[in-house]
Amino acid sequence: MDVKKLMLVDDEEGIRRFLGLSLEDMGYEVATAANGREALELFDSFRPSIILTDIKMPVMDGIELLQQVKTISPDTEVVIISGHGDLELAIEALKHDAADFITKPINNDVLEISLERLIEKIGMKQQLREYTENLERLVEEKTQRIVDLERQTAASRVMEGLSSALTNVANEVESESGLFNELPCLVSVHNRNQEIVAANALFKERLGHFIGEKSYSIFEGRGAECVDCPVRKTFATGKGQRSKEILVSEIGERIPVSVYTAPIHNTEGELDLVLEISVDMTELARLKEELLTTQLKFQRLFDEAPCYISVQNPDLTIAEVNRRFKEDFPDAEGRHCDEVHQYCGAPCHECLVTKTLEDGESHQMETVVTTAAGENKNILVWSAPIRNAFGAITQVMEMSTDITEIRRLQDHLTSLGIMLGSMSHGVKGMLTALDGGIYRLESGMRKEDPEKIAQAMETVKTMIVRIKKMILDILYYAKSRALEAEVVDVKEFLTGVADIVRDRAEGAGIAYECVFGDGLETMEVDSSAFSAALVNFLENAVDACAARRNGSPRVALRAASKGPAVEIVVEDNGMGMDRETREKIFTLFFSSKGRKGTGLGLFISNQTIEHHGGSINVDSEPDKGTSFIITMPRRLPDSARQAPSQPGECE
């Protein structure tokens, strides 16, 4: 797939023409379509790597086109173009795996940055796919080499059992015909006088014509009184012998061999001759050395690969891991994958290893794992089967690439665009109300109507306060402002926060309680930001209880002194969460509420608490409820008194 091939889909001909020219100036090969159905008809012949599509179009809109394209070609990246009023649709598109969205009017610089980021992403996927294919080929080649070596060794040992079927072997060897002249080893026949009476063609070629010579004369260091020569011991015991010897060729070359002898009986059952087969060990030693060298090279490649690699057994236990994997997930061998990745013993909902074992195909997915140090990481995972010589899958290799930093940068840029788009609409509405207030103020002043002037002033003040708060939110969440620290009475502050949500909870028939321990005293916080974060947790608790709709729903806000810290707990007995949801609740745009949630609230609340130097632990089980345990320092650390750095900002 050519990464520079791009399809532009928009029902406005002017946008297709002028934006298409801009894209071609950027170096892209561009094809255009007026709607989703036309784009699908063009897709197979053009095969773009990136699709840039408007969200609202006749015949087939951008959302449906996105879903169809991801079904046909999951690797194709789709960028959504949206108007200012399409925020909800844009979020829906991102939940269907859209790569990015850009608002109208389109800024060419923003578009170019977004496309360059997608090209990097596509390139990384292709590179990882090549890594996987190369590793599969290498494993297959070396497995076949090991099988060939095992077959050669087995063939040598089988020679010991041939003596019972070799009554006519002497004639075959003498006439230089039959099986023994085809064997890739040295074959000779010896009589009771320990004389060589026959030999195959390879024997004569390598050692010369020894017919009539003593059996031991072909071995290095064997004299006339060789009591332990293989042929002599076979005549003495009547049984086949095995030994390691050195042969000397006709040109003086020393040949290490494994010697096997077998007795040959005549028709009366008497031991008449001895068959001797010598297998050249030089080639086997060379192959073993080459195999060892290859294994070392493979191990270095395995360990130095810039990604996590694990080999898993059919029972999902880990058989082997590379160095990078060991650094973040130590002591992994012998354990299950879900244990190593801190999944509390619960297998993945869509286990790639299980899928590969079932269908023998490679699979991929993106997920979040937790390292031994407690760090959450976004990873892109590929699986590939490892087969034996008979084609059966014996193990599965799993390769994972850490894309946490990429996701963090993407999340920041995307959230910045969504926040600015959403808040700009809010500011526009408040400015309209402010204009109305000013108009009423001027009207009241002309008519000298004090009541009208007072009402107008109240409206103007209210709008100014709302605009100021929204601007501060933009600065805090988009540009990262410093905390406005103040010392608050903990019990009084939490009581005020609880009262904000109390009416909503009690109105839904949910029991609502506050339990504050002794010694809470004071703490230093940005009361506006921290209050908004706690309200978010409480509202989510109320929603979780309302969604369950059975039993006796209950929400509680608890607080206790923990020395230099305050522990605040928001708990409910609502619907609860499974392991996958717990892992992703603080991820941007992740929401378990469907279209009712934007996936922004808990993401922002988590950032607020981390900025205060606090931490959050989540304890939850499906149908049993959830507890958010928030630990906050009583005094802000020095780092919290400065604005946190964001991607792209200068320190």
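The values are calculated or read from the model by the stated rules, or taken from the named source; none is laboratory data. Because the structure is predicted, anything quoted here is derived from the model rather than measured. Using ideal geometry, Cβ is built from the backbone for each residue, glycine included, and neighbour counts are taken over all protein chains shown.
Looking at Asp328, Asp303, just one residue is in contact with a Lys or Arg (Cβ under 6 Å, 6 or more places away or on another chain) and charged (D, E, K, R), and that residue is Asp303.
Are any of the residues in segment 561-568 modelled with pLDDT of 90 or more and of a type in the set (Asp, Glu)? Yes: one or more hits. Applying the criterion of being of a type in the set (A, V, I, L, M) and surrounded by fewer than 19 Cβ atoms within 10 Å (Cβ to Cβ) to the residues of segment 393-408, the residue that is farthest from Val353 (Cα to Cα) is Ile406. Among the listed residues Ile464, Ile474, Ile510, identify the single one that is at pLDDT below 85, under 43 Å from the mean Cα position of the chain (by Cα) and among the aliphatic types (A, V, I, L, M). Of the residues listed, the single one that is at pLDDT below 85, under 43 Å from the mean Cα position of the chain (by Cα) and among the aliphatic types (A, V, I, L, M) is Ile474. Pairs meeting the criteria (first residue in segment 423-449 and within 11 Å of Met463 (Cα to Cα) and surrounded by 13 or more Cβ atoms within 10 Å (Cβ to Cβ), second residue at pLDDT below 85 and not aliphatic (A, V, I, L, M), beta carbons under 7 Å, at least 6 apart or on different chains) are Met430/Arg466; Ala433/Thr459; Gly437/Thr459. Here the condition is being farther than 16 Å from Arg634 by Cα and surrounded by fewer than 14 Cβ atoms within 10 Å (Cβ to Cβ); of Glu492, Glu521, Glu506, it holds for Glu506 alone. The set of residues from segment 207-219 being surrounded by 12 or more Cβ atoms within 10 Å (Cβ to Cβ) and in contact with a strand residue (DSSP E or B) (Cβ under 9 Å, 6 or more places away or on another chain) comprises Leu207, Phe210, Ile211, Glu213, Lys214, Ser215, Ser217, Ile218, Phe219. Number of residues in segment 185-202 that are under 60 Å from the mean Cα position of the chain (by Cα) and either in contact (Cβ under 8 Å) with a residue 60 or more places away in the chain or over 17 Å from Asp280 (Cβ atoms) (or both) equals 3.
The criterion of being at pLDDT 90 or above and either in contact with an Asp or Glu (Cβ under 7 Å, 6 or more places away or on another chain) or surrounded by fewer than 16 Cβ atoms within 10 Å (Cβ to Cβ) (or both) does not hold for Asp2. Among the residues of segment 185-210, those that are small (Gly, Ala, Ser) and part of a strand (DSSP E or B) comprise Ser188, Ala198, Ala199. Look at Arg548 and say whether it is of a type in the set (Lys, Arg), modelled with pLDDT under 90 and surrounded by 15 or more Cβ atoms within 10 Å (Cβ to Cβ). Against the criterion (of a type in the set (Lys, Arg), modelled with pLDDT under 90 and surrounded by 15 or more Cβ atoms within 10 Å (Cβ to Cβ)), Arg548 qualifies.
If I filter segment 570-589 down to residues being acidic (Asp, Glu) and surrounded by fewer than 18 Cβ atoms within 10 Å (Cβ to Cβ), which single residue comes out as modelled with the lowest pLDDT? Only one residue fits best here, namely Glu580.
Screening Gly221, Gly240 for residues that are assigned to a loop (DSSP other than H, G, I, E, B) and at positive phi leaves exactly one candidate, Gly221. Restricting segment 542-582 to residues that are part of a helix (DSSP H, G or I) and among the aliphatic types (A, V, I, L, M), which is nearest to the chain's Cα centre (by Cα)? Checking each candidate, the answer is Ala544. In segment 614-639, the residue that is nearest to the chain's Cα centre (by Cα) out of those that are within 30 Å of Ser552 (Cβ to Cβ) and part of a loop (DSSP other than H, G, I, E, B) is Pro622. Being at pLDDT 65 or above and either outside any helix (DSSP H, G or I) or out of contact with any Pro (no Cβ under 7 Å at 6 or more places or on another chain) (or both) holds for only one residue in Lys452, Lys469, and it is Lys452.
Considering segment 14-122, the qualifying helices (runs of 4 or more DSSP H), each wholly inside and each with 1 or more residues that are without any contact (Cβ under 8 Å) to a residue 24 or more places away in the chain, run over 36-46, 62-72. Loosely packed, with under 15 Cβ neighbours inside 10 Å and either at pLDDT 85 or above or small (Gly, Ala, Ser) (or both), is that true of Glu120? Yes.
Confirm whether Gly223 is without any contact (Cβ under 8 Å) to a residue 12 or more places away in the chain, in the same structural domain as Cys185 (by TED's automatic domain parsing), within 24 Å of Leu284 (Cβ to Cβ) and surrounded by fewer than 18 Cβ atoms within 10 Å (Cβ to Cβ). Criteria not met by Gly223. The residue that is modelled with the lowest pLDDT, among those in segment 279-311 that are within 25 Å of Cys185 (Cβ to Cβ) and of a type in the set (D, E, K, R), is Glu283. Please work out if Gly594 is of a type in the set (Gly, Ala, Ser), crowded, with 16+ Cβ neighbours inside 10 Å, at pLDDT below 85 and within 27 Å of His96 (Cα to Cα). It is false that Gly594 is of a type in the set (Gly, Ala, Ser), crowded, with 16+ Cβ neighbours inside 10 Å, at pLDDT below 85 and within 27 Å of His96 (Cα to Cα).
For Glu276, the conditions (1) of a type in the set (Asp, Glu); (2) at pLDDT 85 or above; (3) in contact with a helix residue (DSSP H, G or I) (Cβ under 8 Å, 6 or more places away or on another chain); (4) farther than 29 Å from Glu182 by Cα all hold with the exception of (4).
Residue by residue, here is whether (1) part of a strand (DSSP E or B); (2) under 15 Å from the mean Cα position of the chain (by Cα); (3) farther than 21 Å from Glu304 by Cα holds:
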site: Glu350; (1), (2), (3): no, yes, yes
site: Glu358; (1), (2), (3): no, no, yes
site: Glu361; (1), (2), (3): no, no, yes
site: Thr367; (1), (2), (3): yes, yes, yes
site: Ala372; (1), (2), (3): no, no, no
site: Leu380; (1), (2), (3): yes, yes, no
site: Ser383; (1), (2), (3): yes, yes, no
site: Ile386; (1), (2), (3): yes, no, no
site: Thr401; (1), (2), (3): yes, yes, no
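Go through segment 388-399 and give me each residue that's touching a residue at least 24 places away in the same chain (Cβ under 8 Å) and either outside any strand (DSSP E or B) or not polar (S, T, N, Q) (or both). Selection gives Asn388, Ala389, Ile393, Val396, Met397, Glu398, Met399.
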